[in-house]
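Student: If you scroll down you'll find the structure; I have some questions about it.
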Amino acid sequence: MKHNFVSTFLLLFLQCIGILAQGPSPSPIPPPAQAAAPAPGPPGPTNVTKVLEKAGQCSTFIRLLQTTQEISQITSLLNDSNSITIFVPTDNAFLNMKAGALNSFNDQQKSELIKFHVLPQYFSLSQFQTASNPVQTQAGGTSNREFPINITTNGSSVNITTGIVNASISNTIYIDSQLAIYQIDKVLLPLQFFVPPAPTPAPSPPKSKNKDDSSDSDSTSTVSSSETNSPRRLLFFLAVFCFVYVS
């Protein structure tokens, strides 16, 4: 029995030595901290092309936006926080143009045509009532030769006049605080495309001094002649007087 006790004691002793040799168990390694997701940036400008594709009946206008690269200019304006208004003719409006008219425009005119449908300011439907005519377009200024338009209202209807075309707003496609897009029933054609500018008046010729010089010359010669003839007349009268007196 004593032998069993000693054996058990030795066994326990050896187990304790083994546990001490192993040392404390290592603590678990925490997983690496994940970086916080960046805060979302401000939303980009409205995608005008997608808005028009969703609205439908705008494929010709979309094609012109892309081929003239004016869509990039519009996106840049919106990205710079500019407010604009866009008039979009329907596909039927383009079909109703005079045959071959659109194809007759050169690349510059097509760009100007698109800009002529863009106003560099925001108009809600109610703000058209207080529009100050002529209204400047993105194509130029407000004189007759700088692509202006005139906007008038009659109740809830909005009419647009270019001097060539009278169009009306038929639908609101999209509107927010920066961008307004309206559907119109006719293509806005600039007056400048069809009426040549008036010729610049020729400058008036400078005043000629020859006439004045000749007048002065005539006056001088008259005076000189008068001064030369005066003594001769005096001598003539004296000779006549002497002849009469002697006789």
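The values are calculated or read from the model by the stated rules, or taken from the named source; none is laboratory data. The structure displayed is predicted, hence computed values, not measured ones. Virtual Cβ from ideal backbone geometry, glycine too; neighbours counted across all protein chains shown. Heavy atoms of the whole protein, side chains included, go into the accessibility calculation; ligands, DNA and RNA do not. Shrake-Rupley method; radii C 1.70, N 1.55, O 1.52, S 1.80 Å.
Student: Answer with yes or no whether A139 is outside any loop (DSSP other than H, G, I, E, B) and either within 14 Å of I86 (Cβ to Cβ) or modelled with pLDDT of 95 or more (or both). It would help to see each step written out before you state the result.
Tutor: Details: outside any loop (DSSP other than H, G, I, E, B): no; either within 14 Å of I86 (Cβ to Cβ) or modelled with pLDDT of 95 or more (or both): yes.
Taking the combined requirement at face value, the residue does not satisfy it.
Student: Being outside any helix (DSSP H, G or I) and open to solvent by 30 Å² or more (accessible area, probe 1.4 Å) is the filter here; which residues of the stretch 55-96 pass it? Spell out how you get there, then give the answer.
Tutor: Taking the stretch 55-96 first, the residues outside any helix (DSSP H, G or I) are 56-58, 68-69, 80-90, 96.
Result: Q57, Q69, D80, S81, N82, S83, N96.
Student: Just the residues that are touching a strand residue (DSSP E or B) at 6+ places or on another chain (Cβ under 6 Å) and exposed (fewer than 15 other Cβ atoms within 10 Å of the Cβ), please, taken from the stretch 158-171. Before you say what the answer is, go through the steps one by one.
Tutor: Kept after step one, since they are touching a strand residue (DSSP E or B) at 6+ places or on another chain (Cβ under 6 Å), are these residues of the stretch 158-171: 158-162, 167-171.
Answer for the stretch 158-171, where residues must be touching a strand residue (DSSP E or B) at 6+ places or on another chain (Cβ under 6 Å) and exposed (fewer than 15 other Cβ atoms within 10 Å of the Cβ): S168, N171.
Student: Is there any pair with a first residue in the stretch 63-76 that is at negative phi and in contact (Cβ under 8 Å) with a residue 40 or more places away in the chain and a second that is open to solvent by 100 Å² or more (accessible area, probe 1.4 Å) and assigned to a helix (DSSP H, G or I) whose Cβ atoms are under 9 Å apart and which are 6 or more apart or on different chains, and what are they?
Tutor: T67/D107; T68/D107
Student: Is there a residue in the stretch 142-160 that is farther than 25 Å from A55 by Cα, touching a Pro at 6+ places or on another chain (Cβ under 7 Å) and without any contact (Cβ under 8 Å) to a residue 12 or more places away in the chain?
Tutor: Yes: one or more hits.
Student: Quickly run through the stretch 111-126 and pick out the residues that are polar (S, T, N, Q) and part of a helix (DSSP H, G or I). Lay out the reasoning, then the answer.
Tutor: Residues of the stretch 111-126 polar (S, T, N, Q): 111, 121, 124, 126.
Selection gives S111, S126.
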